[in-house]
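Peer 1: So that we are looking at the same thing, I have put the structure below in structure tokens.
The values are calculated or read from the model by the stated rules, or taken from the named source; none is laboratory data. As the structure is a computational prediction, the values presented were derived from the model and not from experiment. Note that each Cβ is placed from the backbone with ideal geometry, even for glycine, and that neighbours are counted across all protein chains shown.
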Amino acid sequence: MFVIYILIGLVVLGGIAALVFYGLRLSSQSNDDNIDPVMARLAEATQRGEMVSLEEAELQQPFVERVVVPLIKKIGEISARFTPQKLLQETTLKLELAGNPGRIDSATFLATRFVVSAIFGGALLMISTLSKNDWSIGRIVLTVVGFAVLGFFFPQLWLQGRINARQLEVRKAMPDALDLLTICVEAGLGFDAAMSKVSEKWENELSIMFGRCIREVQLGKPQREALRDMADRIGLPELTSFVAAVIQSQILGVSLSKVLRIQSDQMRMKRRQHAEELAHQAPVKMIIPMTFLTFPTILLILTIPAGFQVAGSFR
């Protein structure tokens, strides 16, 4: 029953965490569009000819937007007063490397760590209280504290997973993107036009970053600065090397198509080397599941029938 309670608690906590992050994303989308969701619902009701007051329009919002998101933002504002500035800057950098999921700021993200920790600990405390088995005080304290610590580090682990997934997607897409850039440049397009063409043809993290870089250049930012900022927002050594090669070719007057072709070959070689490295790490990573899952199962399958036969012979 303890295992069943744990599984139920994990499912509930996962749903709550997903609800919180989904609510943050909904709120961020509304903020990005500079549209108040309450006023938007009021305008929709007015267009349909319905007489709806401002309070009714506000009550029509989802529970997450009315309660959860304002609560987390309030906690973030309070915690930002006592959080070191260096930690806020490091969190902002990690959010930028992850693509800023949910469009939340560093203070709000740090507040979610405390919220998720309280949810994990509170859920386990509720399970231990409602359980039919009598839990000792030490067991309750150890379980609640352990899951509270797990909940505190869960958003950080989730953010690091997003960073790794984003960098892996960019690493996979870079050789093909550089090939397309080379073709566009050799066809007579400029570098900015070639990046814009790649951004239009594809739909991945690299094309999104290319499109953002082009928009920054169009708004007046120097191209070299925009390229360096693009490399900093991803934090991938391959992309940093590519940006440095492009800037140096523009300074020295080297043919850009040749530089792009050389960079494409190097990126493809690095991608293959990274894949080989992951393949060599696979046997080491398989030791833990094989030791704790596969080998005990094989041992039980082989020894239990023999044990029954030995017990039967003694009877």
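Peer 1: Which of the following residues is of a type in the set (Val, Ile, Thr), in contact (Cβ under 8 Å) with a residue 24 or more places away in the chain and either under 26 Å from residue 206 (Cα atoms) or not assigned by TED's automatic domain parsing to the domain that holds residue 189 (or both): 298, 247, 262, 234?
Peer 2: 234
Peer 1: Can you name the condition, by its number, that residue 259 falls short on among (1) more than 28 Å from residue 172 (Cα to Cα); (2) at pLDDT 85 or above; (3) surrounded by 10 or more Cβ atoms within 10 Å (Cβ to Cβ)?
Peer 2: With (1) more than 28 Å from residue 172 (Cα to Cα); (2) at pLDDT 85 or above; (3) surrounded by 10 or more Cβ atoms within 10 Å (Cβ to Cβ) applied to residue 259, the lone miss is (1).
Peer 1: Residue 134 is checked against (1) part of a helix (DSSP H, G or I); (2) surrounded by fewer than 13 Cβ atoms within 10 Å (Cβ to Cβ) and fails just one. What number does that condition carry?
Peer 2: (1)
Peer 1: Within region 199-221, can one find any residue that is touching a helix residue (DSSP H, G or I) at 6+ places or on another chain (Cβ under 6 Å), closer than 25 Å to residue 164 by Cβ, surrounded by 13 or more Cβ atoms within 10 Å (Cβ to Cβ) and among the basic types (Lys, Arg)?
Peer 2: Scanning region 199-221 turns up no residue that is touching a helix residue (DSSP H, G or I) at 6+ places or on another chain (Cβ under 6 Å), closer than 25 Å to residue 164 by Cβ, surrounded by 13 or more Cβ atoms within 10 Å (Cβ to Cβ) and among the basic types (Lys, Arg).
Peer 1: Can you report the number of residues in region 87-121 which are assigned to a helix (DSSP H, G or I), surrounded by 16 or more Cβ atoms within 10 Å (Cβ to Cβ) and without any contact (Cβ under 8 Å) to a residue 40 or more places away in the chain?
Peer 2: 9
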